[in-house]
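In what follows, a structure is listed as C-alpha cells, so that the remarks can point back to it.
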Amino acid sequence: MSAKPIYKRVLLKASGEALMGSQGFGIDVAVADRIASDIAEARAMGVEVGVVVGGGNIFRGVAVASKGGDRVTGDHMGMLATVINALALATSLRKLDIDTVVLSAIAMPEICESFSQRATLYHLSLGRVVIFAGGTGNPFFTTDSAAALRAAEMGAEAILKGTQVDGIYSADPKKDPSATRFDRLTHSEVLEKGLAVMDIAAVALARENAIPIVVFSIHEKGGFADILTGGGRATIVSDN
C-alpha cells in the first residue's frame, strides 16, 4: 500500500457482535480471520496496534442485572467473554504470522499475561499487536471505557471504533431510515446530543486525553487500512 498512515499508534475497538458474523451467537472464525487480516495490513504499514474486543457475542453482564441477578457477578462473566474473544482474535493473527500478545486485566497466568502499562509499551516496541482482555478489570465499566482507558495508557493517537454501521447517526439507521449521518463531531457534541456511539465515561475520558474517536464499519474488508490513511467512510470525533 502506497498511502502513508496518518497515525503511528492506534487502539482498535471491535464489538463482540462483529465476531458473530451472521451467526446468532459465538465466534465466526472467518470473521475473526478477516479482522485479523485488516490488522495485519495496518502492521505492514508500520502502524502500532492495540485492540479491545467486546464480549456481547457471548455474554452481557447487564442482561443478568436486568433479570434481578447480581451486576458485579454478571460483569465478571462478561469480562471472561472478552478473554475468549481476545484469544480467538490472537489465534487468527498468529495464523498470519503476526506476533501477538494478550494482556488481561484479570490475572490468568495459565492463559495469558497480565495487563500493565509497562508490559504494553514493551510489547508495542517489539512490533507486537497487543490485545487487551478483561475490560478494565472492574464491574460497572464497559469495554468502551476499557478502550478509552487503554488508548490513554498506550499513548494511542486515535481510537478506531469498528461498528455495525459506517459512522455516527442521529438514531439507529437500521431502525430509523431518516437518521442523519455525521461526518465530524466534537466529544462535547456527542455527549450533549446523547449519541450512542460509546458510553459517557469513554467519551469523557477520550476528551480529557485529547484522543480522537473514529467510527467506521468493521464489516468492510480493508476498511481499517483505509481509515489509517485518511480515507474510507467514517465519523471523526475530535476537538481539533
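If you filter region 205-224 down to residues that are part of a helix (DSSP H, G or I) and of a type outside the set (Gly, Ala, Ser), you find that the one that is surrounded by the fewest Cβ atoms within 10 Å (Cβ to Cβ) is Glu208. Do we find that Leu103 is without any contact (Cβ under 8 Å) to a residue 40 or more places away in the chain and part of a strand (DSSP E or B) in this structure? The answer is yes for Leu103. Which numbered condition in (1) surrounded by 15 or more Cβ atoms within 10 Å (Cβ to Cβ); (2) in contact with a strand residue (DSSP E or B) (Cβ under 7 Å, 6 or more places away or on another chain) is the only one that Ala202 fails? Here Ala202 clears every test but (2). Every condition in (1) outside any strand (DSSP E or B); (2) in contact (Cβ under 8 Å) with a residue 60 or more places away in the chain; (3) closer than 19 Å to Phe216 by Cβ is met by Lys174 except one, and the failing one is (2).
Scanning region 127-152 for residues that are among the β-branched types (Val, Ile, Thr) and assigned to a loop (DSSP other than H, G, I, E, B), we see that the one that is nearest to Gln117 (Cα to Cα) is Thr136. For Ile200, the conditions (1) over 15 Å from the mean Cα position of the chain (by Cα); (2) in contact (Cβ under 8 Å) with a residue 24 or more places away in the chain all hold with the exception of (2).
Selection of region 225-240 for residues being within 18 Å of Asp144 (Cα to Cα) and surrounded by fewer than 17 Cβ atoms within 10 Å (Cβ to Cβ) yields only Ser238.
Cβ separations smaller than 9 Å between residues 6+ apart or across chains give the following pairs from region 86-98 residues that are more than 17 Å from Asn57 (Cα to Cα) to residues that are of a type in the set (Lys, Arg) and part of a loop (DSSP other than H, G, I, E, B): Ile98/Arg128. Which of the residues that make up region 205-240 are under 17 Å from the mean Cα position of the chain (by Cα) and without any contact (Cβ under 8 Å) to a residue 24 or more places away in the chain? Asp226, the sole residue that qualifies. Any residue at all in region 184-192 that is among the aliphatic types (A, V, I, L, M), in a loop (DSSP other than H, G, I, E, B), touching a helix residue (DSSP H, G or I) at 6+ places or on another chain (Cβ under 9 Å) and surrounded by 19 or more Cβ atoms within 10 Å (Cβ to Cβ)? No, region 184-192 contains no residue that is among the aliphatic types (A, V, I, L, M), in a loop (DSSP other than H, G, I, E, B), touching a helix residue (DSSP H, G or I) at 6+ places or on another chain (Cβ under 9 Å) and surrounded by 19 or more Cβ atoms within 10 Å (Cβ to Cβ). Against the condition part of a loop (DSSP other than H, G, I, E, B), within 21 Å of Ala147 (Cβ to Cβ) and over 14 Å from the mean Cα position of the chain (by Cα), how does Ile84 come out, does it pass? So Ile84 does not fit the description; no.
No value in this document is a laboratory result; all are computed from the given coordinates. None of these values were measured; they are calculated from a predicted model. Neighbour counts run over all protein chains shown; Cβ positions are idealised from the backbone, glycine included.
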